[in-house]
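Throughout, read-outs are computed from the coordinates displayed, never taken from laboratory work. Nothing here was measured: the structure is a model prediction, and the numbers come from that model. Note that we place each Cβ from the backbone using ideal geometry, even for glycine, and neighbour counts take in every protein chain shown.
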Amino acid sequence: MYAWIWRHLPSPLPLRLATALVLVAGVVAVLFTVVFPWAEHTLPFLHVTVN
Amino acid sequence: MSATRAAVRSLGELMITAGLVLLLFVVYQLVWTNLAAEHAQHKVTDTLRQDWLREGGTGATGTIHLSKSDFGKGFAFLHIPRLGRKYSVPVVQGVSLPDLSRGVGHYPKTAVPGEVGNFAVAGHRATNGEPFAHLDHVKVGDSLVVETRGTWYSYVVDKVQIVEPSAVWVLDPVPGKPDQQPTQQLITLTTCNPRWASTQRMILFGHEVQTQPTSEGRPLALTKDH
């Protein structure tokens, strides 16, 4: 999977590395702003109210 | 490379990725949410302090009026001397997760400070700022102090109790006595118990013992040594 992505990134190497970094940063950003705040609701220790 | 090998390799990559994502989630929860909550609390604190100054705050008294548009907004500060001389956390309206990441949250249907009845507040015990992380250190007889625009309300802790998560009676105007008319100003704090679980709730009950205008300076409970 990663080898396939790597092959499809634009050359030369510095540009390829930079693109890879941007992709990783994008994935992390989506995780922190969308996925994790949503997943957080399922964590038991956030349930602090009586209801 | 055979098809099997390719499949095994892809599966391995997926599993490593899943592991990394889980690790990132731990970092998010243990570090990021606390940083974000600290930032949010500072903002709520600054907004509220400036608001009080602008309205001619100190010295002004009166009942707090909260409406639907006040959810997530700060209206008071909770001081717990047992948790540190400087321990102060903004009290915001509402107990949803976004509200609770900005301070401790006031149960909307319960009394406000100074009102006869039960002023009930929930707070995180782990992550998201964790204002109640050490609430188990607070003992019967300890002070809780609520600071509003014009008044300091000092309370004394009467009881610490572990209850079921469904124990909504703790929010009653007279906790556990739904038919009784309240005559006192009470306070109730709720958080999760054990700290990293949700099987129970830890509840602190207290009653108001003293009020004083903010113009008279900080109350005794905050100035005496512990």
Over what distance in Å are the Cα centres of the range B:175-226 and the range B:110-165 separated? 4
Karplus 3J(HN,Hα) series, Hz, for the range B:24-37 with 6.51 cos²θ - 1.76 cosθ + 1.60 (x for Gly, Pro): 4, 5, 5, 4, 4, 5, 7, 10, 4, 4, 5, 5, 5, 5
Vicinal HN-Hα couplings computed from phi for the range B:123-136 (Karplus, 6.51 cos²θ - 1.76 cosθ + 1.60; Hz; Gly/Pro x): x, 6, 9, 9, 6, 6, x, 5, x, 9, 3, 10, 4, 5
Size of the protein assembly as shown along its principal axes in angstrom, Cα-based, largest extent first? 80, 42, 38
Computed helical MRE - 222 nm, chain B, DSSP H runs ≥ 4 contributing -39500 (n - 2.57), nearest 500: -8000 deg cm²/dmol
Would you please give the FRET efficiency between B:ASP136 and B:ARG54, computed as 1/(1 + (r/R0)^6) with r the Cβ-Cβ distance and R0 = 35 Å, to the nearest 0.05? 0.35
Top positive-direction residue, dipole computed over chain B with Cβ charges, set B:PRO194, B:ILE64, B:PHE205: B:PRO194
Non-local residues with an amide H under 5 Å from the amide H of B:GLY103, with H modelled 1.01 Å from N and Pro and chain starts lacking one, are none
PRE reach from A:ALA29 (point 7 Å along Cα→Cβ): which of the range B:3-42 fall under 20 Å by backbone N? B:21, B:24-25, B:28-29, B:32-33, B:36
Only counting other Cβ atoms within 10 Å, I'd like B:VAL160, B:VAL170 sorted with the fewest neighbours first. B:VAL160, B:VAL170
Label-point separation, B:ARG218 to B:LEU35 (7 Å along Cα→Cβ), nm: 3.0
Beyond 22 Å between alpha-carbons counts as too far, so tell me which of B:LYS43/B:LYS86; B:LYS86/B:LYS139; B:LYS43/B:LYS109; B:LYS43/B:LYS139 fall in that bin. B:LYS43/B:LYS109; B:LYS43/B:LYS139
Mind listing the long-range amide H neighbours of B:ASN118? Cut-off is under 5 Å, sequence gap 5 or more, other chains count too, H placed in the peptide plane at 1.01 Å from N. B:ALA111, B:LEU186
Ranked on Cβ counts within 10 Å of their own Cβ, fewest leading, B:VAL26, B:VAL174 go B:VAL26, B:VAL174
Stokes-Einstein D for the range B:138-182 (25 °C, 0.890 mPa s, Kirkwood Rh from Cα pairs), in µm²/s, comes to 194
Taking amide hydrogens as modeled 1.01 Å from N in the peptide plane, which residues meet the under 5 Å criterion relative to B:LEU144, leaving out close sequence neighbours? B:TYR155, B:VAL156, B:VAL157
With N set to the number of residues, divide the alpha-carbon radius of gyration of the range B:155-226 by 2.2 N^0.38 Å and report two decimals. 1.35
In whole angstrom, and with the biggest value first, how far do the Cα coordinates of chain A range along each principal axis? 58, 18, 12
Once phi is turned into ³J(HN,Hα) by the Karplus curve 6.51 cos²θ - 1.76 cosθ + 1.60 with θ = phi - 60°, what whole-Hz value does each residue of the range B:93-105 show in order, with x for glycine and proline? 7, x, 10, 6, 4, x, 5, 6, 8, 10, x, 9, x
Most exposed first by the Cβ proxy, i.e. fewest other Cβ within 10 Å, how do B:ARG85, B:ARG149 rank? B:ARG85, B:ARG149
Cα-only Debye scattering, the range B:34-174: base-10 log of I(q)/I(0) at q = 0.10, 0.14 Å⁻¹: -0.32, -0.65
Roughly speaking, what is the stretch gain from B:ALA197 to B:THR47, that is 0.36 nm per residue apart minus the C-alpha to C-alpha distance, in nm to one decimal? 50.7 nm
